[in-house]
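Trainee: Dropping the structure in here first, questions after.
The values are calculated or read from the model by the stated rules, or taken from the named source; none is laboratory data. Predicted model, so just to flag it, every value in this text is computed and none were measured. Quick reminder, even Gly has a Cβ in these numbers, built from the backbone with ideal geometry, and neighbours come from all protein chains shown. Surface areas here come from the heavy atoms of the whole protein model, side chains and all, with no ligands, DNA or RNA. Shrake-Rupley method; radii C 1.70, N 1.55, O 1.52, S 1.80 Å.
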Amino acid sequence: MNRELFPGNRIQQVVVLGSGIMGSQIAAHCVNAGLKVKLMDLKSDDPDRPDLLAEKSIQNLLKMRPSPLAVPSYSRLIETGNFDDHMNWLQEADWICEVVVERMEIKKPLIKKIGEYRKPGSIVSSNTSGLPIDKIGKSCSEEFRQHFLGTHFFNPPRYMKLLELIPTKATNPAVTELMTRFCEQVLGKGVVVCNDTPNFIANRIGVFSMASMMPWFFEGKLRAEEIDYLTGTLTGYSKAASFRTADMAGLDVLKHVTDNLRPAVPDDERRDVFQLPEGFGKMVERGAHGNKKGQGFYKKVKSEKGSEYLVIHPQSLDYEPQVKIEIPSAKKAEKDFKTPGERLKFLVNQKDKAGLFLWEIQCDLLLYSANRIPEISDSVEEIDRAMQWGFNWELGPFQRWDAIGVAESVIRMENEGRTVPETVKKMLASGRESFYQSGTVYNLIKERAEPVTPPARNAIRVSSFKKEKKEIWATESAALYDAGDGVALFEFRTKQQTLGFELVKNLDAASAAVKENFGALVLGHDHDNFSYGANLAEAAAVLKKGDFGLIRDAVEQFQRVAVGLRYQPFPVVAAVSGRTFGGGVEFFMHCDRVVAHHELYCGLVELGVGLIPAGGGTKELLLRAMRFVKFADQADPLPFVREAFKTIGMAKVSDSAANARGLGFLRDTDLIVMNRDLLIKTAIEEARMMAGRTYTPPAEPMIRVMGETGLSALKIMLFNMNEAGFATEYDKLLAEKTAFVMSGGNLSEPQEVPESWILKLEREAILECFRDQRTHARMEQLLKTGKPLRN
């Protein structure tokens, strides 16, 4: 639980009032961030367990998937209480977060009660998806209202980036600034500051967008699966598209939002869009509430294939099989254009049903978004980010407009009788033809271009180095940049950041360049996932040619370069996040320091493709296990070796950076940051700091191995797993090779061996795997289907 503190930060003690689904998860995320958290709810009728409601909520956290907690044991760090006995806790709180049910008559009295107990200066927020914040705190003192604002966490809070902050007119701007930086840096959120208007930004725009599509379905113009295909990643929306997103959010929730939103926005020129079709209301009445009820627009059923998703018919409301989507223009867009913006521009200019649908809903979305400035926000950029971070759209509304072409689309809109906001026409009249241009974004209110702001204060993107001409050299696979103050940065450029032959050679060359001209090296890039590991397609192609000599050379070079990161005459820091497998893990495990995003899902998964970790990964987990034995002063190292062996043999993958630390992939000295946007910045700062001190690479370590005793114990465990059906015969053989390496090979008794001895065993074992046809079959299956083969 690491958190980066910013100057002036004073938020350490957090009290969450309301232990429902959102309140308990907000509490969990605060614990993930290293804060001291108390969770309160109504007092139970049980005299022996007055805090039962909050306690049950903590228990429910452990059942949720994906988990709100970085590791299950963090649940013990949340102290539970109730509104009757523990309101005095508020006197010690720095931030009081109210998250009770979204009803004004419940929130207002509780907020007033909070005002009676809190200490002056503490920050109070009411978490809501759309209630007016000013009304909630209106009856409180002036000092209270200066420290009061709204929060809107998106569900689930740990995984959804967006946090809308809603200050009122009475909120002290310094409080808004403090909460913005705190939520960015400590909670890892993408913060958007909203005006205090119904449903704020993301839900106002997102619900409008979804509602504008519904007539196309209920009038029978397009099927639900066709709409989702056209409004998915094809055109820059989210992977869950539109109706699948609605099913995830809850159709009953969507109906509740629109029912309340329509009367709350009497001056909204498109408020009638929020009057959803009659068929939608009938769906909700029949219990089609989405995923939580097992049916919404889609319904999962068992089939011959295992399971499939049926889709609802707009008139009968019965479920039927999905049809194969046949939209030639969309297929052409997929084939001919790489980016969603290019595909969108192509499609809105087609005359078929897909083109007409996409043009109509884009016009609705773009004009509606522009008309909401300055009502919901003054900023084009904030609206785009709200949709990207809250609804996972790849392109926000104004980015979509740029992609389509603002000037030509405005002409078409006006020719069709649509009213284009004067602010947009003034932008075009000024000679500017796009909202985003050369690192600037157009401010429709101030009628001028302004610099695009970073997604978090002081965030650094690797792409900025290229724009600033700091590239030293580049290939198709990688690039080396001057990151300033004696730090170089090595960027992966391969597809899925795989570690192919050329990239490994490039890293070797980069290390030589850094040795001559820099004081430290950072491995990092802007992609969400650090690395999917070695390039299996390259290896499979070489195996097919029968060039085993090239395979042997590649194995030796990969191991030499990966392990060599530890022995460079300068510090090496890896900035890692997201999915990181196999060789990617071996790369970062040999760096002097790892700066990991909280959402790190990493593992040595080589056995699944018929190989063993041979880039130093097997050796490194063994070394760390043995060092822990020495640190813990344990006489018997076998339990620790067994756990390291299981981590490889069972291809364990962490579900957080904290969990990665527990599995041995991260050390206690490695850093965890909550905000992905601050990862590169933190890694560069760490490298700079390490380079500023006298740096000496470590000597080659001696590693204690168990010899025949350890190997026999591990083989017994494998035998039991095989007999129980948890491991196939080939799984067992591969794991035995791993056990042989971790035991030190053919050694009759426990002893210490140099690191190079274990590395030699790694190379020999993986080369044996490469010669086995069963490994070839596993690699081929994964490359063809994306699914592992259990042979």
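Trainee: Taking chymotrypsin sites (Phe, Trp or Tyr not before Pro) as candidate sites, keep only those in a DSSP loop with at most 14 other Cβ atoms within 10 Å, then name the longest stretch of the chain containing none of them.
Mentor: Excluding the exposed sites themselves, the longest stretch runs over 160-694.
Trainee: Let me ask something else about it. How much FRET efficiency would the formula 1/(1 + (r/R0)^6) give for Glu476 and Arg103, where r is the Cβ-Cβ distance and R0 is 45 Å, rounded to 0.05?
Mentor: For R0 = 45 Å, the calculated efficiency reads 0.20.
Trainee: What share of the DSSP beta bridges in segment 455-547 is antiparallel, in percent to the nearest 5?
Mentor: Taking every DSSP beta bridge within segment 455-547, about 65 percent pair in antiparallel fashion.
Trainee: Where both residues lie in the chain, what percent of DSSP beta bridges are antiparallel, nearest 5?
Mentor: Of all bridge pairs located within the chain, approximately 45 percent are antiparallel.
Trainee: With point charges of +1 on the Cβ of Lys and Arg and -1 on the Cβ of Asp and Glu, referenced to the Cα centre of the chain, which listed residue (Leu480, Ser464, Gly294) lies farthest in the positive direction of the dipole?
Mentor: Gly294
Trainee: Hey, got the dipole for segment 194-320? About the Cα centre, +1 on K and R Cβ, -1 on D and E Cβ, debye to the nearest 20?
Mentor: 420 debye
Trainee: Moving on. Can you list residues from other chains, or at least 5 along the same chain, whose modelled amide H is less than 5 Å from the amide H of Ile472?
Mentor: Close amide H contacts, sequence-distant or interchain: Leu480, Tyr481, Asp482.
Trainee: Then there is this: By how many degrees, between 0 and 90 and to the nearest 10, does the Cα long axis of helix 638-649 differ from the longest principal axis of the chain?
Mentor: The angle comes out at about 60 degrees.
Trainee: How large is the helix-only mean residue ellipticity at 222 nm for the chain, computed as the sum of -39500 (n - 2.57) over DSSP H runs with n ≥ 4, divided by its residue count, in deg cm²/dmol to the nearest 500?
Mentor: -13500 deg cm²/dmol
Trainee: Right, something else. How much solvent-accessible surface does Thr669 expose, in Å² to the nearest 10, with a 1.4 Å probe and all protein chains in place?
Mentor: 80 Å²
Trainee: What is the angle, in °, between the Cα long axis of helix 755-771 and the longest principal axis of the Cα atoms in the chain? Nearest 10 is fine, range 0 to 90.
Mentor: Compared with the principal axis, the helix lies near 80 degrees.
Trainee: Got a sec? Charge dipole of segment 127-259, +1 on Cβ for Lys and Arg, -1 for Asp and Glu; which of Thr176, Leu222, Met210 is way out at the positive end?
Mentor: Thr176
Trainee: Can you tell me how much longer the chain between Lys36 and Glu278 gets when fully stretched, taken as 0.36 nm per residue apart minus their C-alpha distance, in nm with one decimal?
Mentor: 82.3 nm
Trainee: Same structure, new question: When the dipole is taken about the Cα centre of segment 659-791, and only Lys, Arg (+1) and Asp, Glu (-1) are charged at their Cβ, what size is it in debye, to the nearest 20?
Mentor: The calculated dipole for segment 659-791 is roughly 500 debye.
Trainee: Answer with one residue from Asn675, Thr647, Thr709: the one whose Cα lies farthest towards the positive end of the charge dipole of segment 645-753, charges on Cβ with Lys, Arg +1 and Asp, Glu -1.
Mentor: Farthest towards the positive pole: Asn675.
Trainee: I want the local charge near Gly692. Using Cβ-Cβ distances under 14 Å, sum +1 for each Lys or Arg and -1 for each Asp or Glu among the other residues.
Mentor: -1
Trainee: Loop only by DSSP, 16 or fewer other Cβ within 10 Å of the Cβ. Give me the trypsin sites (Lys or Arg not before Pro) in segment 329-394 that pass, ordered by residue number.
Mentor: On the way: sites: Lys331, Lys332, Lys335, Lys338, Arg343, Lys345, Lys351, Lys353, Arg372, Arg385; in loops: Lys338, Lys351, Arg372.
Within segment 329-394, the qualifying trypsin sites (Lys or Arg not before Pro) (loop, at most 16 other Cβ atoms within 10 Å) are Lys338, Lys351.
Trainee: Something else: Taking θ = phi - 60°, what integer Hz values does the Karplus form 6.51 cos²θ - 1.76 cosθ + 1.60 yield along segment 111-127, in sequence order, with x for Gly and Pro?
Mentor: 4, 5, 5, 4, x, 6, 10, 5, 7, x, x, 6, 8, 10, 10, 10, 8
Trainee: Also, I was wondering about something else. Count charges around Gly23 for me, please; just the other residues with Cβ under 9 Å from its Cβ, Lys/Arg as +1, Asp/Glu as -1.
Mentor: That sum, taken over residues with Cβ under 9 Å, equals -2.
Trainee: Calculate what fraction, in whole %, of the accessible area of segment 66-117 sits on carbon and sulfur atoms when a 1.4 Å probe is rolled over the protein chains.
Mentor: 48 percent
Trainee: With only Lys, Arg, Asp and Glu charged, each at its Cβ (+1 for the first two, -1 for the last two), find how big the charge dipole of the chain is about the Cα centre; round to the nearest 20 debye. Could you put the intermediate results ahead of the total?
Mentor: Numbers: 103 positive and 104 negative charges, 94 e Å.
The dipole of the chain has a size of about 460 debye.
Trainee: Here's a follow-up. At R0 = 60 Å, how high is the FRET efficiency between Arg667 and Ala264 if r is their beta carbon distance? Nearest 0.05 is fine.
Mentor: Values: r = 52 Å, r/R0 = 0.87.
Result of the calculation: an efficiency of 0.70.
Trainee: With every protein chain left in place, what is the accessible area of Arg667 in Å² (1.4 Å probe, nearest 10)?
Mentor: Answer for Arg667: close to 60 Å² accessible.
Trainee: How much accessible area per residue does segment 474-628 have, in Å², with a 1.4 Å probe?
Mentor: Per residue, segment 474-628 has an accessible area of 31 Å².
Trainee: With label points built 7 Å along Cα→Cβ from the Cα atoms of Glu308 and Glu749, find their separation and express it in nm.
Mentor: Distance between label points: 6.6 nm.
Trainee: If you don't mind, there's one more thing I want to ask. Give me the distance in nm between label points sitting 7 Å out from Cα along the Cα-to-Cβ direction at Ala699 and Arg412, one decimal.
Mentor: Rounded to a tenth, the inter-label distance reads 7.2 nm.
Trainee: What's the angle, to the nearest 10 degrees (0 to 90), between helix 617-632's Cα axis and the longest principal axis of the chain?
Mentor: Approximately 90 degrees, to the nearest 10.
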